[in-house]
Amino acid sequence: MSEPVDFETRLIGLPAPPPVGRSALPVGTFMGATVLVTGGGTGLGKAIAAEFTRLGANIVVASRKREHLDAAVADLGSIAAQVSVANGVVGEAVAGPARTPPIARLSDRGEVGSGTPTGPAGNQSPGNRSPGVLAVECDIRDSDQVATVFDAAEQRFGTVDVLVNNAAANFPVPAEEMSPNAWRTVVDITLNGTFLMSREFARRHIAARVPGSIINVGASYAWTGGPGFAHSAAAKAGIKNMTETLAVEWGPYGIQVNGLVPGLMPHEDMTSDIQTNLQRTHDKDICQPALRVGQRQELGWAATFLASPYARFISGHTLVVDGANWQRRTLTNPPVVTVREQMNLGPFAP
Ligand code: NAP
């Protein structure tokens, strides 16, 4: 009988990343730029928005729920205030730890409410060059609401320079039990919403003749298939393909389009459905070739690189940040376990 592997002493896995708070790019790389992140009030979207904020970007967060928008304003606004002080580019407006972060948000009725006001990027008042955070209620399935987000962003900050299509919907369900409505909803949010946001961004950029960058957050089951997630996997495959198409169509207009795929990056905002599924099917670290799961700042660093001036010749590419987990294969496959068994469901009863 072979000895059990002693993971503590014999294997080292991939090194841990630097802690949250470090940036991958020079200070101020995105100072004066505006970055719109869909679903930026939770989980990985908020982590991506945080890294752009640290590098000086004005952030626009678009999603549906008030509590998520409030979380974005609070958390990103407080990072923005620290960045301003740390960069030493701000005068009296945000100096001092007790000041309200320079934030503003739209209310349900689409009015602009503001904390300590900042001017739009590019024409901010002297002495107040801290990044701003704007949260806008928007369902990305609705093209009118999508246009409203861009209008609000432009009114506040000027042109949106970077669009991060991060919002998505997902939950595990065996395909035979998936309702037509569940299929349509996930595909509508994940694939159609990504297209509508991208289309609006491109139309404005093409008309204005200014370059821009789109990052589409995907998933590795776009390549492998996603048993238990047929709706989401199909939508993410569509996003990967669309990324390649749009990069070619819009390259001549100065628009880069790239994909960004996270590996397993647990966070406290994951739905209870997905958290429960993870607990059942993963023994976390030892199931990954890296011998660890991803940390969300690692995704944020990759996003800031892809949208940065240092990646101007990268377009139509999908960057996977998962420690090679999606390529993992064994010499002999383990026994097949159906999705129903993985989810502890009984026999299918039509
Ligand atoms: P999450 O916390 O569930 O976030 C989803 C976000 O999308 C929420 O902020 C939600 O905000 C927003 N959203 C959902 N429907 C929307 C709609 N119709 N209009 C506007 N916004 C909408 O997900 P996550 O785990 O951070 O994942 C972020 C991205 O990474 C997703 O694209 C996901 O597929 C991908 N991903 C994640 C992992 C992982 O390990 N976490 C792995 C692979 C891929 P509201 O509810 O306020 O609308």
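Data for the structure
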{"read-out": "Karplus-derived HN-Hα couplings along the range 151-163 (A = 6.51, B = -1.76, C = 1.60, θ = phi - 60°), whole Hz, x at Gly and Pro", "value": "4, 5, 4, 5, 5, 7, 10, x, 4, 6, 8, 10, 10"}
{"read-out": "Projected label distance in nm at residue 142 and residue 285, using a 7 Å step from Cα toward the beta-carbon", "value": "4.6 nm"}
{"read-out": "Order of 301, 326 - criterion: other Cβ atoms within 10 Å of each residue's Cβ, fewest first", "value": "326, 301"}
{"read-out": "Distant-in-sequence amide H partners of residue 320 (H built 1.01 Å from N, under 5 Å)", "value": "261"}
{"read-out": "Label point distance in nm, residue 82-residue 269, each placed 7 Å from Cα along Cα→Cβ", "value": "1.7 nm"}
{"read-out": "For 319, 331, 76, order by how many other beta-carbon atoms lie within 10 Å, fewest first", "value": "331, 319, 76"}
{"read-out": "Residue order, fewest to most surrounding Cβ atoms within 10 angstrom, among 221, 253", "value": "253, 221"}
{"read-out": "3J(HN,Hα) from dihedral phi, the range 52-68, Karplus parametrisation 6.51/-1.76/1.60, rounded to Hz, x for glycine, proline", "value": "5, 4, 4, 9, x, 6, 6, 10, 10, 10, 10, 6, 8, 9, 4, 5, 6"}
{"read-out": "Rounded FRET efficiency, nearest 0.05, which uses the C-beta distance separating residue 324 from residue 349 and R0 of 51 Å", "value": "0.80"}
{"read-out": "Table column - 3J(HN,Hα) (Hz), the range 234-251, Karplus curve with 6.51, -1.76, 1.60, x for Gly and Pro", "value": "5, 5, 5, 5, x, 5, 4, 5, 5, 4, 5, 5, 5, 4, 6, 4, 9, x"}
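Every number here is computed from the coordinates shown, using simple stated rules; none is lab data. Everything quoted here is computed from the prediction, not taken from an experiment. Don't worry about glycine lacking a Cβ; one is built from the backbone with ideal geometry, like all the others, and counts go over all protein chains shown.
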